[in-house]
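The values are calculated or read from the model by the stated rules, or taken from the named source; none is laboratory data. For clarity, every value in this text was computed on a predicted model and none was experimentally measured. Because the Cβ atoms are built from the backbone with ideal geometry, glycine has one as well, and the counts that use them run over all protein chains shown. Surface areas here come from the heavy atoms of the whole protein model, side chains and all, with no ligands, DNA or RNA. Shrake-Rupley method; radii C 1.70, N 1.55, O 1.52, S 1.80 Å.
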Amino acid sequence: MSRSSVTIDPIIQKTPKMSRTSATIDPITRIEGHLAIRVETASGRVAKAFSAGEMFRGFEMILKGRHPLDAQQITQRICGVCPISHGMASVLAQDEAYGVKSTDNGRLGRNLIQAANFIQSHLIHFYQLSAVDFIDVAAVASYQGNDPGLKELKAWVSAQRSANVLYPAAPFLPRYSGDYARNAELNIMVLKHYLDALDMRALAHRMCAVFAGKLPHAPGLVPGGITETITAKKIAAFESMLSKLRAFIDGCYLPDVLETAMAFPGYLKEGKGCCNFLAYGAFPESSTHDATLFPSGVLTDGNLTVLDTERITEDTGHSYYASPSGLSPAAGQTVPGHDKKGAYSWVKAPRYNGRAMEVGPLARVMIDGLKRDNSPLKQLTEKTLGKLNIAAENLASVMGRHIARAIECKIVADRCAHWVEQLVPGEPAFEDFDIPATGRGTGLTEAPRGALGHWMTIRKGAIENYQCVVPTTWNCSPRDDNGTPGPIEQALVGTPVADLDNPIEAVRVVRSFDPCLACAVH
Ligand code: NFE
Ligand code: MG
């Protein structure tokens, strides 16, 4: 469906410039997919915010009637950034439906594939998508060194500035330059790592492909494990790429995020959000899959509780769906209703016990910190936050999300060194299975952007129903049937916006969640 054929509710329409108390940012750039954000301000701060997913995709409808084994291939096409997570959720749902458990090689191979995808996603999110909200691209004009990439960037910036062009690191006109990091060394260092991160991201993709097959949509993920055989040569190839990525994460990514955070202390407070957190857990550490690197849990009002998937529902009162509101995903329906009154988004509104929940790296760090005594994630978080003098319970903020993402990226990359060592060449990475005529399965995992679930039912050997509840569906949800705003809508409230013609502060809040609208609307 083309965007022009969709009726956009007046709630999200552009506002005239005169006597402005609102702004619509449409599209939000440097994210994946089509997101419009409207903010209404009072006394220079956001008083109300609306988040609208602007396209419909229909994967849940496409899947109906298909062969169950098509699911992990079709759902990977939901996204080019986190296809692996959809493949993983799908094979986990099928494992349950078929009553099969992957071999240890299969489990470890899946962990390595998923970890490589986390690493590439987190690197691109900081350097290519978010850093230039804080780092002054124009600062490269003062660069006097001999790095070929920076010299080329310097020439490009100079040409852009003489032409008064904003793209792509908008805004970097002189009148806005005061809002960037003032430390020239920090600016130039992060720009250098921006360029290096392009190669690192490609390396993470190559590392993923060792056990996943051709990327971005991995043919190697299957129910029962993975299709790649485990060989000493593949282990060595993976280890060699991993050591380069770990060096970049340790030496560049994590320190760059911390220095950027320290240069913008205000953003360690802005963008707090709903402070309800949800995680399904991921990266099984044992043959029985019951211990995971990242734990599951639900954190509301400061209380950690055990995840109960029966409490998950999806409201559609303000979403363009004619299907009933409040259904649980196991019985979910997806019937588009583009002209629905009161709707302003193609994103549904998932709720846990009726509450909006933030998912993603911050949720994982918060839940792990309360649930575990001494996990590597908790230890690194405490050490890092100690240096920054931040209490873990105050991490909910724009910079808190960037910091949590970088911390977990290091934990995942470090753990890969252990998983790859556990692989046994020659042992099977796949357990055979039969597909029942009737069955159901739920696949819960963690995608780079947060908790991801696929719910599948099989009837007469074909997919009867398939529902996905996706990280950005949680984070970017519109208001629910009770009128409660979604997590990003809540995080925007209170954000100071100095200039409604250039609401960069609001965009920084949105980007800290790393939204992917292609996923959210699926
Ligand atoms: Ni399209 Fe995704 C991740 C998933 S986001 S990027 O991470 O699942 O909703
Ligand atoms: Mg869905």
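Some notes on this structure:
- In region 488-504, the qualifying residues are those that are surrounded by fewer than 24 Cβ atoms within 10 Å (Cβ to Cβ) and assigned to a helix (DSSP H, G or I), and the one that is nearest to ligand 1 (Cβ to nearest atom) is GLN490.
- Restricting region 278-292 to residues that are more than 11 Å from LYS101 (Cβ to Cβ) and polar (S, T, N, Q), the residue that is nearest to the chain's Cα centre (by Cα) is THR292.
- Condition check for ALA47: away from ligand 2 (no atom under 16 Å from the Cβ) and in a strand (DSSP E or B): yes
- Elements of the type strands (runs of 3 or more DSSP E) sitting completely within region 225-302 and holding at least 2 residues that are of a type outside the set (A, V, I, L, M, F, W, C): these cover 297-300.
- Condition met for ASP481 (under 23 Å from ALA131 (Cα atoms), surrounded by fewer than 24 Cβ atoms within 10 Å (Cβ to Cβ) and away from ligand 2 (no atom under 16 Å from the Cβ)): no
- Residues satisfying the stated conditions in region 241-290, i.e. among the aliphatic types (A, V, I, L, M) and either under 30 Å from ARG110 (Cβ atoms) or touching a strand residue (DSSP E or B) at 6+ places or on another chain (Cβ under 6 Å) (or both): MET241, LEU242, LEU245, ALA247, ILE249, LEU254, VAL257, LEU278, ALA279, ALA282
- Of all residues making up region 110-139, the number that are under 14 Å from TRP419 (Cα atoms) and in contact with a Ser or Thr (Cβ under 8 Å, 6 or more places away or on another chain): 2
- Residue check for LEU362: aliphatic (A, V, I, L, M), away from ligand 1 (no atom under 16 Å from the Cβ), open to solvent by less than 40 Å² (accessible area, probe 1.4 Å) and modelled with pLDDT of 95 or more: no
- Check on VAL469, closer than 21 Å to TRP346 by Cβ and either crowded, with 21+ Cβ neighbours inside 10 Å or touching a strand residue (DSSP E or B) at 6+ places or on another chain (Cβ under 9 Å) (or both): yes
- The criterion of being open to solvent by 10 Å² or more (accessible area, probe 1.4 Å) and either within 16 Å of ligand 1 (Cβ to nearest atom) or modelled with pLDDT of 95 or more (or both) holds for ALA437.
- If you filter region 459-479 down to residues that are in contact with a Lys or Arg (Cβ under 7 Å, 6 or more places away or on another chain) and among the β-branched types (Val, Ile, Thr), you find that the one that is farthest from ligand 1 (Cβ to nearest atom) is ILE463.
- Among all residues of region 14-29, there is none that is in a loop (DSSP other than H, G, I, E, B), among the hydroxyl-bearing types (Ser, Thr, Tyr), in contact with a strand residue (DSSP E or B) (Cβ under 6 Å, 6 or more places away or on another chain) and surrounded by 24 or more Cβ atoms within 10 Å (Cβ to Cβ).
- Lone qualifier among ALA429, ALA451 - being of a type in the set (A, V, I, L, M, F, W, C), under 30 Å from ALA506 (Cα atoms) and surrounded by 17 or more Cβ atoms within 10 Å (Cβ to Cβ): ALA451
- Where a residue in region 201-214 is open to solvent by 20 Å² or more (accessible area, probe 1.4 Å) and its partner, wherever it lies, is modelled with pLDDT of 95 or more and not aliphatic (A, V, I, L, M), with Cβ under 6 Å and at least six apart: ARG201/GLN120; HIS205/GLN120; VAL210/LYS234; VAL210/PHE238
- Criterion violated by ASN353 - all others in (1) under 19 Å from SER477 (Cβ atoms); (2) in contact with a helix residue (DSSP H, G or I) (Cβ under 7 Å, 6 or more places away or on another chain); (3) crowded, with 22+ Cβ neighbours inside 10 Å satisfied: (3)
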